[in-house]
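So the structure is just underneath, and the comments pick up after that.
The values are calculated or read from the model by the stated rules, or taken from the named source; none is laboratory data. The structure presented is a predicted model; accordingly, all values stated were derived computationally and were not measured. Here the Cβ positions follow ideal geometry from the backbone for every residue, glycine too, while neighbour counts run over all protein chains shown. Note: areas computed on protein heavy atoms with side chains; ligands, DNA, RNA excluded. Shrake-Rupley method; radii C 1.70, N 1.55, O 1.52, S 1.80 Å.
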Amino acid sequence: MSIRKALEKWNGKSVDEISRLYDLYGTDNDFARIIIPLFRQPDCESGATWMMKRYLEDHKHIDDASQDEVFKTLKSLNH
């Protein structure tokens, strides 16, 4: 299942479930490139931003272009 489909199925509340999804997808080398565009999808925004926060808390890094993309999306986030 794609990360987008998994986030669409997430109930928006279960920390255990979003943590499990992060554990499943967060090790992908392209994680940042895949997750950042999902910030703009209303049905994925909350889960995608939570997963990026966790990714950064785990001391993983994103490149400058990805950082710029994150900053561009901040003002349009709903939560």
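Cβ separations smaller than 9 Å between residues 6+ apart or across chains give the following pairs from the stretch 3-20 residues that are outside any loop (DSSP other than H, G, I, E, B) to residues that are of a type in the set (S, T, N, Q): Arg4/Gln41; Leu7/Gln41; Leu7/Ser46; Glu8/Gln41; Glu17/Asn11; Ile18/Ser46; Arg20/Ser14.
Listed here are the residues, each with its yes/no results for (1) part of a helix (DSSP H, G or I); (2) within 16 Å of Ala6 (Cβ to Cβ); (3) modelled with pLDDT under 95; (4) not charged (D, E, K, R).
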{"position": "Thr27", "(1), (2), (3), (4)": "no, yes, yes, yes"}
{"position": "Ile35", "(1), (2), (3), (4)": "yes, yes, no, yes"}
{"position": "Gly47", "(1), (2), (3), (4)": "yes, yes, no, yes"}
{"position": "Ser66", "(1), (2), (3), (4)": "yes, no, yes, yes"}
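Does Thr27 qualify as being open to solvent by 40 Å² or more (accessible area, probe 1.4 Å) and hydroxyl-bearing (Ser, Thr, Tyr)? So Thr27 passes the test.
When the stretch 8-24 is filtered for residues that are open to solvent by less than 60 Å² (accessible area, probe 1.4 Å) and touching a helix residue (DSSP H, G or I) at 6+ places or on another chain (Cβ under 8 Å), the ones remaining, listed by number, are Trp10, Gly12, Ile18, Ser19, Leu21, Tyr22. Scanning the stretch 30-79 for residues that are hydrophobic (A, V, I, L, M, F, W, C), farther than 21 Å from Trp10 by Cβ and either surrounded by 13 or more Cβ atoms within 10 Å (Cβ to Cβ) or touching a residue at least 12 places away in the same chain (Cβ under 8 Å) (or both) yields a count of 1.
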